[in-house]
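Notes follow the structure.
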Amino acid sequence: MNLKHLLFAGGALLGTTAAQAGGFQLTLAGQKNNGMGGVGTGLALDQAAMFYNPGALAMVRERGVQIGVNATLARQAFRAQYGGAERQLDNTVSTPFNFYAGFGPAEGKWKAGIGVYTPFGSRLDYADNWEGRTALTSIDLKSIFVQPTVSYAVTDQLSIGAGLVVFASGSVNLQRDIQDPAQGSIELDGSSDTKLGWNAGVFFKPSDKFSLGISHRSKMDAVVTGGDVIINGVVSSLADRFAARKFDVTLPLPATTTIGFGVMPTEKLTLGFDVNYATWSRYQELVFNFDAPINGQTVSRSRREYQDALTFRLGGQYQVTDGLTVRLGGAYDQTPVKDGFVTPETPDNDRLTATAGVSYKFGERFGIDVSAQYVNIAKRSQTQEDLLNNGVANDRVAGTYKTIAVVPGFGLNYNF
Amino acid sequence: MYTFLKKGAPALALLGLALGSCQPELDEPKASAGSADFSRYIAVGNSLTAGFQDNGLYREGQLNSYPALLAQQFRRVGGGEFTQPLFTEAQANGSGYLRLAGFTAQGAPITAQVAGNAGRNASAPASPPYTKYLEPINNLGVPGIRMSDITTAGYGSTQGNPFFERITPDNTPTQTYLQRISASNPTFFTFWLGNNDVLGYATAGGAANSITARTTFTNNANSAIDALTANGAKGVVALIPDVANIPFFTTVGPTFRTTLAQANVPTAAPFVYTTGILAPGQPNTRVTNNTIANIRDASGNGNLLLTLTASPYLSLYGRPSGKYWRDFYQQARPSLPPTVPNLTVFLLALQVDTTKAFGQSTENPFPSTLVLDGTEQTNVRTATTNFNADLTTKANQKDLAIFDANSFFNGVATGGFATNGQVNSASFISGNLFSLDGVHPTPRGYAVVANEMIRVINQKYGSSIPFVDASAYRGVRIP
């Protein structure tokens, strides 16, 4: 098989698969970590430590640059409680990516670096005329974070680090059909303001066989100010009731705290275990403010009432030859979405993830990382009675969601 | 590099294959008939059962009738063919109906009549008698029929109800509705009769069409249910909703109050109306102790309900106007006695002076036909409660499912009713559930009714009939 075939295989993936990402938090920040169930806080694997635990960066021996890209391909089935046929998502793909460059003296105590990654995102296109169309027909959330980072090895065993997290670029595009009898559709399209946050971590490696780390990433808000409201197809006699042209929205992003452990029984085998706690309870409601009334309302409120959630990750890598390393891992991810509160933009539930990866080094400096994740989101049902009991039947649909995602990824790294 | 590609590419291709097969599937929930047999479903009822909407019976409404939707769902669990007396495509406008033509600058709806085209006399296509439909049918809904009419011989003649006449065989012109349903031999039925026994009184503002006597109502209802269950058929008995909650009575009053408030008319201004039957020779009693504040506003304060048909006359409040009385005279003229030969005598007989302020003076009162006052509402509510109690007793005696349309529509009136995330309510036009006549549901309203019936059928008979997607059915069509 040659390059042409590879491109063909890749093209087939892009052309035939849909995209959806976990909740809207992505943990695809490093290609090696992706193959190991997403562990990393208790390890010093490579430059992606800037994301997983900036405290570990000083312990990463190499300096270098690395880039990775993933294709999030999701397949979903939905069956409404009040309705007939099974609905499937239209096929789309989103491409979370990451880039890191790490610098510093080869034997010095300092390391510095810059990371660029996409920690939050989601893309879903529902089938035409699906039952929940007035809740959502499509969503495309993107975010790009840039993080200058410094790390300092206090001793040979203990290092600390911190990064300035810049929410550099983000966008939201959300579309839904307008409630009857007005008909038509509404599209909200905007870019987020630049926001600042931080992350910091401590890494401790008391022996060759054991390491441990803790890291924290601050909460942030994704804020869109003056996004565009585009309204189409409202019946003409009601069109003047839909006068809004601009919107503001704030999407709260959780703070996350992670504790990670690393175990190295032999030189060739590394095992990692991470527990992550995300303060999703910040996300209580989604409020859009409009510059003019939409059917009599200048504010649209939708209850979310997320709860804080834990994620457990386990992974390992084994160096087979000088060049070849293989990885396996898995994760269990608690959903932040309560029963009877599921909305179409995050048709979420607890998820089980299995991962695999392989790296190959071509000489001392250049390497390639391939990873794959299989994400199984548990089936999630809610009935109309659940929605009515929670008082949220007016903006979401009763039924059953089932989502499976496959996330292949590919990375290059160069050390100097 | 090349070596890597050689090794990696098949892996990626494999991943693509895996992905192709990872589409999750959600099995269709198992549908079953439970202990019921839907092979021959017969729908018994009035306009609601016929699919009447927008003040008319026409093909689109028939196609979206709740019995048609039920039959469609029953087919998933062994239901048989279900035939309705559909108007043909060529006569699709049926009896004629209202359409929404637009809104006034104040936002009030403007309706227009779509002429009927199902008349069987070529010279009068918009009028009864209608082209006959004599094939065997399963939907026996007859618009306008009251429980008190079901034993009336000749109700299916040209002197009777044109919609029953339309489906009555030529060789049995005197067949009563009770006889017709007794011969229908269902395995399963829905029974929703009795609305008109209170509705006619209510929509005429208590001025005409007296409420059916309880004994008549109950005897006839019991006979009908006995006949339908004679061969062991199972079914649903639907109760009668309280008509005071429908847009026909809840729309105009609040709008009127808002208009008056904007015009700085004090709420203490008098509101004089007549009560009882309005006709020459009747007492035509004036009620003079009410003010504008007694008309129910948007917040539910005030007890007087104004009918949707009052809408054209409200702007004349407080002005010398004879418009209502002229319209009323034109309508009443064919049945007036020779002693009332013209409008002047007619007005004298009603003690009306059209030079006085309309609705404010005892000489030019607001007509009882357009007002449902507290006493009349109590009459309506008492009758509804009594009828529903007797229907419930009978249904329980026959171990039938009961659709409590009264509590259901009360719930809709207070809290709305979401269907798949779409917000619906009992509001006129914007609520999606009630058609332009303010009384009969839209296709979406009928779909909601079908779902509620499915719910009680599933509960009663242990069946699992799937619901319909009510949001896929339209509300009021807005231009």
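Some observations on this one:
- For chain B, complete DSSP H runs whose alpha carbons reach 18 Å or more along their own long axis and whose mean Kyte-Doolittle score is 0.0 or higher are B:2-20.
- Per-residue Cβ neighbour rank within 10 angstrom, fewest leading, B:Tyr66, A:Tyr401, B:Tyr329: B:Tyr329, A:Tyr401, B:Tyr66
- Longest to shortest principal axis, alpha-carbon extents of the range B:344-479, angstrom: 65, 45, 25
- When you work out D = kT/(6 pi eta Rh) for the range B:301-409 at 20 °C and 1.002 mPa s, using the Kirkwood radius from C-alpha pairs as Rh and the Stokes-Einstein form, the result is 125 µm²/s.
- Here the sum of -39500 (n - 2.57) over DSSP H runs of 4 or more residues, divided by the residues of chain A, equals -2000 deg cm²/dmol at 222 nm, to the nearest 500.
- For the range A:92-97, 3J(HN,Hα) computed residue by residue from phi via the Karplus equation (6.51, -1.76, 1.60; θ = phi - 60°) reads 9, 9, 10, 10, x, 9 Hz, glycine and proline entered as x.
- Calculated [θ] (222 nm, deg cm²/dmol) that DSSP helices of n ≥ 4 give over chain B, each run adding -39,500 (n - 2.57): -10000 deg cm²/dmol
- Contact order for the range B:248-374, expressed relative to its length and based on alpha carbon pairs under 8 Å spaced 6+ residues apart, stands at 33 percent.
- The fewest-to-most ranking of A:His216, B:His440 by surrounding Cβ atoms within 10 Å reads A:His216, B:His440.
- Amide H contacts under 5 Å for A:Thr343, placed H, 5+ residues apart: A:Asp348
- Think of each Lys and Arg Cβ as +1 and each Asp and Glu Cβ as -1; about the Cα centre, that makes the dipole of chain B roughly 520 debye.
- Among the trypsin sites (Lys or Arg not before Pro) in the range A:297-360, those placed in a DSSP loop whose Cβ has at most 15 other Cβ atoms within 10 Å are A:Lys338.
- Given 14 as the ceiling on other Cβ atoms within 10 Å, longest exposed-site-free region of chain B for GluC sites (Glu not before Pro) in DSSP loops: B:82-479
- For the range A:3-415, the convex hull drawn through the C-alpha positions has a volume of 128 cubic angstrom per residue.
- Chain A: angle of helix A:3-16 to the longest principal axis, Cα-based, in degrees nearest 10: 30
- In terms of other Cβ atoms within 10 Å, B:Asp197, A:Asp128 run from fewest to most in the order A:Asp128, B:Asp197.
- Antiparallel %, DSSP beta bridges [both residues in chain B], to 5: 50
- The dipole here belongs to the range A:3-415: it is taken about the Cα centre, uses +1 on the Cβ of Lys and Arg and -1 on the Cβ of Asp and Glu, and is about 820 debye.
- Relative contact order of the range A:3-415, defined on C-alpha pairs under 8 angstrom at six or more residues apart (%): 18
- Ranking B:Asn139, B:Leu350, B:Gly415 by Cα position along the charge dipole of the protein assembly as shown, where only Lys, Arg, Asp and Glu carry charges on their C-beta atoms, puts B:Gly415 farthest toward the positive end.
- A DSSP coil position with no more than 10 other Cβ atoms inside 10 Å describes the following GluC sites (Glu not before Pro) in the range A:77-131: A:Glu107.
- Residue-wise HN-Hα couplings along the range A:272-286, as the Karplus relation 6.51 cos²θ - 1.76 cosθ + 1.60 with θ = phi - 60° gives them from phi, are x, 9, 10, 10, 10, 10, 10, 7, 5, 5, 4, 8, 8, 8, 9 Hz; Gly and Pro carry x.
- Using the Stokes-Einstein relation with a Kirkwood hydrodynamic radius computed over Cα pairs, the translational diffusion coefficient of chain B at 20 °C and a viscosity of 1.002 mPa s comes to 87 µm²/s.
- Expressed as a fraction of 2.2 N^0.38 Å, the value expected for a compact globular protein of N residues, the C-alpha radius of gyration of the range B:248-374 is 1.04.
- For the range B:95-196: span of alpha carbons on each principal axis (Å, largest first): 53, 34, 23
- Sorted from greatest to least, the principal axis extents spanned by the alpha carbons of the protein assembly as shown come out as 120, 64, 47 Å.
- Each Cα pair under 8 Å and six or more residues apart adds its separation to the average, and for chain B the resulting relative contact order is 18 percent.
- Cross-link pairs beyond the 25 Å C-alpha cut-off, checked among B:Lys132/B:Lys398; B:Lys30/B:Lys398; A:Lys379/B:Lys30; B:Lys30/B:Lys460; A:Lys111/A:Lys205; B:Lys30/B:Lys234: B:Lys132/B:Lys398; B:Lys30/B:Lys398
- Residue mean of other protein chain beta carbons inside 10 Å, B:466-477: 5
- Projecting the Cα positions of B:Thr259, A:Ala71, A:Thr256 onto the charge dipole of the protein assembly as shown (unit charges on Cβ atoms of Lys, Arg, Asp and Glu, taken about the Cα centre) puts A:Ala71 furthest along the positive direction.
- Estimated dipole of the protein assembly as shown in Debye, rounded to 20 [Cβ of Lys and Arg +1, of Asp and Glu -1, Cα centre]: 580
Quick note: the coordinates plus some simple rules give every number you see, no bench work behind them. These numbers come from a predicted model, not from an experiment. Virtual Cβ from ideal backbone geometry, glycine too; neighbours counted across all protein chains shown.
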